Amino acid sequence: MMRSKGSLRRFGVFSLAGILLLSSNPVIPDHVSAEPDASSKLIINEVYGGGGKESKDGSVKAPYKNDFIELYNSTNEDVALDEFTLTYTNSKGDTVQTFQFTDGQVIKANDYFLLRGEATLGDEGDKGFGDVFAADAYYDTPNAGIGMSDEKGNVELKKNETVIDALSYGEPDTIKGEGSPITGITFDTSVRRINFTDTNNNSADFEVVTPSPTMSGYTEGDVELIELTKIADIKTQAKLIGQHVTVEGQVSAANVKASADGSMLYTYIQDDSGALNAIGLDAKKGQRVQLTGMVQEVNGEISLLIEQVIVLDESEADVPVASVSSNEALALEGYQVSVTGDVTAKTENTLTLNNELSVYFDSTVGLTANIEEGQSVTVTGVMAPNQQGQLNLVVSSMDDLAVNEEEKIPNTVELEKIAGYSTGLM
């Protein structure tokens, strides 16, 4: 991984307890606890919502691909974050998105905690420009995603139902922040606190700056960059064989056996460009992961031999399923697909659809005894190669097989009876 260093800011951090100790016999006011709750002192330090964008004329591009929210703990105590949430509310106030911290996540004393957000892709003006950076936590996932506006919005840090800190930026119609909003932000800038100042007035406490996503253990301006490789490039560029790469994506299938005579188990990860067999990956279907490993080719199959795994989202989110023809499925290794077709051949644990696509049922999943040739079925599963290297549609549950009932057309006699009943002649 690469590290990009920017200019450093000098600052001082003072605590009320430290000031009181200047007296040999300190007197603690009634309204100040001798042991203040450090969790109430956490602050939202920097917010960036323009990840991945470019200007309409293409002359200005976002410095980073992802949005981010940076917290800071200005106390001398570590704070567990398991009771905390981050909430983003859009300008109109009709969209509220929440990130829930998990057990084990801690913000250290006098340190940062960086959350990497959504990478804006595909839409006009959202082309995925900018560098990718490492973070302490990730909220760019289907289950925990927060899509922030680069122009105006609100971010709140809460402990249970209590708002610990809040920021409004731009000129949102709905204001959740403290005092007046900080204005002047653009898609290539962020808003950051001025030396951790917190006077409960966003316009006075924040300034518009060049984004600087700082994670725990780093100094302001020291950004840990990640060079990601697209899965499509791994599978098509021979020069990457034997090279070490890093990819990010969702686990589309885990420990799949693709044929009765095969011993290979396949675990696939997919990004927005393709899917890849990740050898040695111990993860569950639906989880989002960042993988580092060596690209290898064995018997013509490209795979990634895993060396390092970072779980971006432990939740087992739904994996997108592509509804395709039996012929189209043959080009989608590693993808979850749904195919409807006629059963043209069968064995104890396989079906053939439309004379071209083999569907494999492991004996631990179920057998095909109740399926007849000529029936129309819809099957959902992952595309993976059998022992001979041919792609099968592998079914992980008999619930993923449905027999399509053909609509019965009444014969002439039945139609006459129906007509008779309707006219009262029978």
| request: Starting from residues that are more than 28 Å from the chain's Cα centre (by Cα), part of a loop (DSSP other than H, G, I, E, B) and acidic (Asp, Glu), keep the ones in the range 321-367 and report whichever is modelled with the highest pLDDT. | output: 356
| note | If you go through 370, 386, 327, the only one that is closer than 21 Å to residue 276 by Cα, among the polar types (S, T, N, Q) and exposed (fewer than 14 other Cβ atoms within 10 Å of the Cβ) is 327
| query | Going by the structure shown, is residue 276 surrounded by fewer than 16 Cβ atoms within 10 Å (Cβ to Cβ) and within 30 Å of residue 347 (Cβ to Cβ)? | reply | no
| message | Just checking: which of the strands (runs of 3 or more DSSP E) contained wholly in the range 164-228 hold 3 or more residues that are modelled with pLDDT of 95 or more and outside the structural domain of residue 137 (by TED's automatic domain parsing)? | response | none
| query | Which residue, of 184, 177, is buried (at least 22 other Cβ atoms within 10 Å of the Cβ), more than 26 Å from the chain's Cα centre (by Cα) and more than 25 Å from residue 304 (Cβ to Cβ)? | reply | 177
| query | When you go through (1) touching a Leu at 6+ places or on another chain (Cβ under 8 Å); (2) under 30 Å from residue 405 (Cα atoms); (3) surrounded by 20 or more Cβ atoms within 10 Å (Cβ to Cβ) one by one for residue 259, which number turns out not to apply? | reply | (1)
| request: Kindly provide the set of residues from the range 262-273 that are surrounded by fewer than 21 Cβ atoms within 10 Å (Cβ to Cβ) and under 21 Å from residue 360 (Cα atoms), ordered by number. | output: 262, 263, 264, 265
| Is there any pair with a first residue in the range 100-124 that is at positive phi and a second that is modelled with pLDDT of 85 or more and of a type outside the set (Asp, Glu) whose Cβ atoms are under 9 Å apart and which are 6 or more apart or on different chains, and what are they? | 104/80; 104/81; 110/72; 110/73; 110/74; 110/75; 110/76
| said: I'd like to verify a number: residues in the range 195-208 that are β-branched (Val, Ile, Thr) and either more than 31 Å from the chain's Cα centre (by Cα) or crowded, with 16+ Cβ neighbours inside 10 Å (or both), how many? | reply: 2
| query | Take the residues of the range 339-367 that are among the acidic types (Asp, Glu) and free of Cβ contacts under 8 Å to residues at least 60 places away in the same chain: which is surrounded by the most Cβ atoms within 10 Å (Cβ to Cβ)? | reply | 342
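The values are calculated or read from the model by the stated rules, or taken from the named source; none is laboratory data. Quick caveat: nothing in here was measured; it's all calculated off a predicted structure. Every residue, glycine among them, receives a Cβ derived from its backbone with ideal geometry; neighbour counts consider all protein chains shown.
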